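The values are calculated or read from the model by the stated rules, or taken from the named source; none is laboratory data. Because the structure is predicted, anything quoted here is derived from the model rather than measured. When we count neighbours, we look across all protein chains shown, and the Cβ atoms used for this are built from the backbone with ideal geometry, even at glycine. Areas reflect the complete protein model, heavy atoms only, side chains present, ligands, DNA and RNA absent. Shrake-Rupley method; radii C 1.70, N 1.55, O 1.52, S 1.80 Å.
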Amino acid sequence: MSTRTVIRGGLVITASDEVHADVLIEDGRVAALAVPGTQEWGADRVIDATGKYVIPGGVDAHTHMELPFGGTFASDTFETGTRAAAWGGTTTIVDFAVQSVGHSLREGLDAWHAKAEGNCAIDYGFHMIVSDVNQDTLKEMDLLVEEGVTSFKQFMAYPGVFYSDDGQILRAMQRSAENGGLIMMHAENGIAIDVLVEQALARGETDPRYHGEVRKALLEAEATHRAIRLAQVAGAPLYVVHVSAMEAVAELARARDEGLNVFGETCPQYLFLSTDNLAEPGFEGAKYVCSTPLRPREHQAQLWKGLRTNDLQVVSTDHCPFCFAGQKELGRGDFSKIPNGMPGVENRMDLLHQAVVEGHISRRRWIEIACATPARMFGMYPKKGTIAPGSDADIVIYDPGAEQVMSAETHHMNVDYSAYEGKRTTGRVETVLSRGEVVINEREYTGRAGHGTYTPRSTCQYLT
Ligand code: URP
Ligand code: ZN
Ligand code: ZN
Ligand code: ZN
C-alpha cells in the first residue's frame, strides 16, 4: 500500500479557490499543495492530472441504503450503494438510521451500524430518524450528539409511520437547542396529504402522476413555514431536507432575511426532472415517485436561484432506490403504494457539473454545495469537503471535457432503471481517492468493501 502519492498538474478547485497545484498525500491525508513542478516530492505513486480538475470527494448528506419503506427495502445495500457513490465521485455519505416506534434511538443506531460495518467502500456517518419522541428519546438525543450522531430527522409527513406532531417537533427542537443537534425536517403536511390521497383514490385517480398532485406545493410551503416558526420558538437551527417547491424556497429565504439559522437542501431530481416525468405513459411515472414530489418545470428556476443566492445551501441525493420490477410495481393501481424514493448517489457530482456547463452555478459553487457545505453543515469540515493540509485525501480527478450518457446499462447502483436514462452530460469522474487509497483508477473500481470507516461528526459548523 502506497503511503506517498502526488497528484500533478491539475486545477485544484475548492469552495474558495481555483489554483493549478501539485498535491502531496501522505498516510491518507493531504500533506501539502505546491505550485506545479516546483517540488521534487518522492512518491510511491504519481497521478498525472494535467488538463483535469482535482476536487474534494463529494459529500452526500442524504442517503437511504436498505431503508425499509412501504413493505420493502431500498435496493442498494451499504456495499452496493457506497461502491456506486465512489464511481460517481462521492467519498462520504451520511445515511439515516431509523428509530422504529416503540423502540429506542440506540436500537435503531445499532441496527444501522450493523448494516454498514465492514461493507462500505467509502466513509460514512449517520443521522438519526426520530419517529417516537418521548422523555427517553429526548435523553438519548444528548448521548447521540456526544458520540457523533449530531443531526435528527423528523417527519411532518407519513402519519402512523415516521410522523411527529407539532408538540413532538417542538420538544425535539428544544432539546437540540440545548445539546447542539441539528433538526432536519421532512416538511410536508402529511395529515392534509392523506385526506387528498383518500379523495383522489375514491375518484379513481390511481396513476403515479396523482402522487404529485396530492402532495401539493402549498402543503410543502405550509409545513416549511411551520417548521421554521417552531424552530424559532425553540431557539434552534433548522435544516429542511429535499426542498422541491418554489413556495418553500420563499419561506426559507424570508426566514434567512430575518437572520434565522434556517437552511435548505435540494436534490438533483428537483433540478433536472419534473411532473412531466411523473406523467410518463404506462406505469413509467412510478420511477419518479419520491417525496417531496417532482414539481412542474417552473419550480426549477427558483431552485437554481436559491442555490445561487444561498437560500439553499446543499444538494444531496436522497438516494433511496426501488427497482421498477417488483418494488415500484407494488403501487400499480394505487399510487399511494408506490415506494417513495429515487436512485441518484452515483449521478450527483456529474449532474451538478452539468449545471456548471449550462451556466447555472460556478465551479466553486459546485464544490461548495456538493462537498464543503454539507461537510460543514454536518460537522466534518475540514476533514471532509476540501483539499487542504490535514484534510483526508478524499480526492476526485475529474475530466471536465469527457462526454457521457447516463444509463442503467452502465451505472453501478443496484436498481434496474436510471432516472436520467439517455441524458448526455459533459464531465466525468476518472480517478477517486478515499483517504489516499485509489478506489476508482481511471474508471476501474479498485476499492473494497470495508475500506470505508464510520465517521463520527461534530455539531453543525455552519451557524451564523
Ligand atoms: O421519497 C423519499 N424521499 N424517500 C426517502 C425517505 C425520505 O422521506 O427522505
Ligand atoms: Zn425495542
Ligand atoms: Zn424525507
Ligand atoms: Zn430521504
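Any chance segment 260-275 includes a residue that's open to solvent by 50 Å² or more (accessible area, probe 1.4 Å) and either among the charged types (D, E, K, R) or at pLDDT 95 or above (or both)? No, every residue in segment 260-275 fails to be open to solvent by 50 Å² or more (accessible area, probe 1.4 Å) and either among the charged types (D, E, K, R) or at pLDDT 95 or above (or both). Applying the criterion of being among the hydrophobic types (A, V, I, L, M, F, W, C) and out of contact with any helix residue (DSSP H, G or I) (no Cβ under 7 Å at 6 or more places or on another chain) to the residues of segment 116-154, the residue that is nearest to residue 431 (Cα to Cα) is 129. Figure legend. Inter-residue proximity from segment 339-358: first residues under 18 Å from residue 319 (Cα atoms) and outside any loop (DSSP other than H, G, I, E, B), second residues of a type in the set (Phe, Trp, Tyr) and open to solvent by less than 10 Å² (accessible area, probe 1.4 Å), beta-carbon distance below 6 Å, spacing 6+ or different chains. Indicated pairs: 352/366.
Condition (residue is hydroxyl-bearing (Ser, Thr, Tyr), outside any helix (DSSP H, G or I), away from ligand 4 (no atom under 16 Å from the Cβ) and in contact with a Leu (Cβ under 8 Å, 6 or more places away or on another chain)) applied to segment 242-249: is it met by at least one residue? Break it down into steps so the answer makes sense when it comes.
From segment 242-249, those hydroxyl-bearing (Ser, Thr, Tyr) are 244; that's our starting set.
Imposing the further condition that a residue be outside any helix (DSSP H, G or I) reduces the set to 244.
Adding the requirement that they be away from ligand 4 (no atom under 16 Å from the Cβ) leaves none.
No, because not a single residue in segment 242-249 is hydroxyl-bearing (Ser, Thr, Tyr), outside any helix (DSSP H, G or I), away from ligand 4 (no atom under 16 Å from the Cβ) and in contact with a Leu (Cβ under 8 Å, 6 or more places away or on another chain).
Restricting attention to segment 179-198, the residues that are open to solvent by 10 Å² or more (accessible area, probe 1.4 Å) and in contact with a helix residue (DSSP H, G or I) (Cβ under 8 Å, 6 or more places away or on another chain) add up to 6. Residue 9 fulfils the conditions (1) of a type outside the set (S, T, N, Q); (2) open to solvent by 60 Å² or more (accessible area, probe 1.4 Å); (3) in a strand (DSSP E or B) except for a single criterion, (2).
Please work out if residue 158 is in a strand (DSSP E or B) and at pLDDT 95 or above. Step through it out loud before you land on a result.
Working: in a strand (DSSP E or B): no; at pLDDT 95 or above: yes.
No: the conditions fail for residue 158.
Residue 78 - would you say it is within 17 Å of residue 374 (Cβ to Cβ) and touching a helix residue (DSSP H, G or I) at 6+ places or on another chain (Cβ under 9 Å)? Walk me through how you get there before you give the answer.
Numbers: within 17 Å of residue 374 (Cβ to Cβ): no; touching a helix residue (DSSP H, G or I) at 6+ places or on another chain (Cβ under 9 Å): yes.
Judged against the criteria, residue 78 is not a match.
Considering segment 305-342 alone, what residues qualify as being among the aromatic types (Phe, Trp, Tyr) and either within 16 Å of ligand 2 (Cβ to nearest atom) or open to solvent by less than 10 Å² (accessible area, probe 1.4 Å) (or both)? Walk me through it before giving the result.
At the first step, the residues of segment 305-342 found to be among the aromatic types (Phe, Trp, Tyr) are 322, 324, 335.
Within segment 305-342, 322, 335 qualify.
Does segment 120-135 include one or more residues that are assigned to a loop (DSSP other than H, G, I, E, B), surrounded by 19 or more Cβ atoms within 10 Å (Cβ to Cβ) and within 16 Å of ligand 1 (Cβ to nearest atom)? Taking every residue of segment 120-135 in turn, at least one turns out to be assigned to a loop (DSSP other than H, G, I, E, B), surrounded by 19 or more Cβ atoms within 10 Å (Cβ to Cβ) and within 16 Å of ligand 1 (Cβ to nearest atom). Regarding segment 406-429, can at least one residue be identified that is of a type outside the set (Ser, Thr, Tyr), assigned to a strand (DSSP E or B), open to solvent by 20 Å² or more (accessible area, probe 1.4 Å) and at pLDDT 95 or above? Yes, segment 406-429 has at least one match.
Only one entry in 297, 332 is without any contact (Cβ under 8 Å) to a residue 60 or more places away in the chain, more than 16 Å from ligand 4 (Cβ to nearest atom) and closer than 22 Å to residue 406 by Cα, namely 297.
Residues checked against (1) within 16 Å of ligand 4 (Cβ to nearest atom); (2) touching a strand residue (DSSP E or B) at 6+ places or on another chain (Cβ under 9 Å):
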site: 41; (1), (2): no, yes
site: 47; (1), (2): no, yes
site: 59; (1), (2): yes, yes
site: 83; (1), (2): no, yes
site: 92; (1), (2): no, yes
site: 99; (1), (2): yes, yes
site: 106; (1), (2): no, no
site: 124; (1), (2): yes, yes
site: 131; (1), (2): yes, yes
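If you filter segment 373-405 down to residues that are acidic (Asp, Glu) and part of a strand (DSSP E or B), you find that the one that is surrounded by the fewest Cβ atoms within 10 Å (Cβ to Cβ) is 403. Among the residues making up segment 103-125, those that are under 21 Å from residue 62 (Cα atoms) and either free of Cβ contacts under 8 Å to residues at least 60 places away in the same chain or basic (Lys, Arg) (or both) are 105, 106, 107, 108, 109, 110, 111, 112, 114, 115.
List every residue pair whose Cβ atoms sit under 8 Å apart, with the two residues 6 or more apart in sequence or on different chains, where the first one lies in segment 166-180 and is modelled with pLDDT of 95 or more and the second, anywhere, is among the aromatic types (Phe, Trp, Tyr) and open to solvent by less than 50 Å² (accessible area, probe 1.4 Å). That search, which allows pairs on different chains as well, returns 172/152; 176/152.
Among the residues making up segment 52-104, those that are within 16 Å of ligand 2 (Cβ to nearest atom), open to solvent by 40 Å² or more (accessible area, probe 1.4 Å) and not in a strand (DSSP E or B) are 100, 101, 102, 103. Tell me, please, whether a residue that is in contact (Cβ under 8 Å) with a residue 12 or more places away in the chain, within 16 Å of ligand 2 (Cβ to nearest atom) and open to solvent by 10 Å² or more (accessible area, probe 1.4 Å) can be found in segment 22-31. No: segment 22-31 contains no residue that is in contact (Cβ under 8 Å) with a residue 12 or more places away in the chain, within 16 Å of ligand 2 (Cβ to nearest atom) and open to solvent by 10 Å² or more (accessible area, probe 1.4 Å).
From the list 29, 4, the one residue that fits, being of a type in the set (D, E, K, R) and under 29 Å from the mean Cα position of the chain (by Cα), is 29. For segment 12-50, a residue qualifies if it is among the charged types (D, E, K, R) and not in a loop (DSSP other than H, G, I, E, B), and the qualifying residues are 18, 22, 26, 29, 45, 48.
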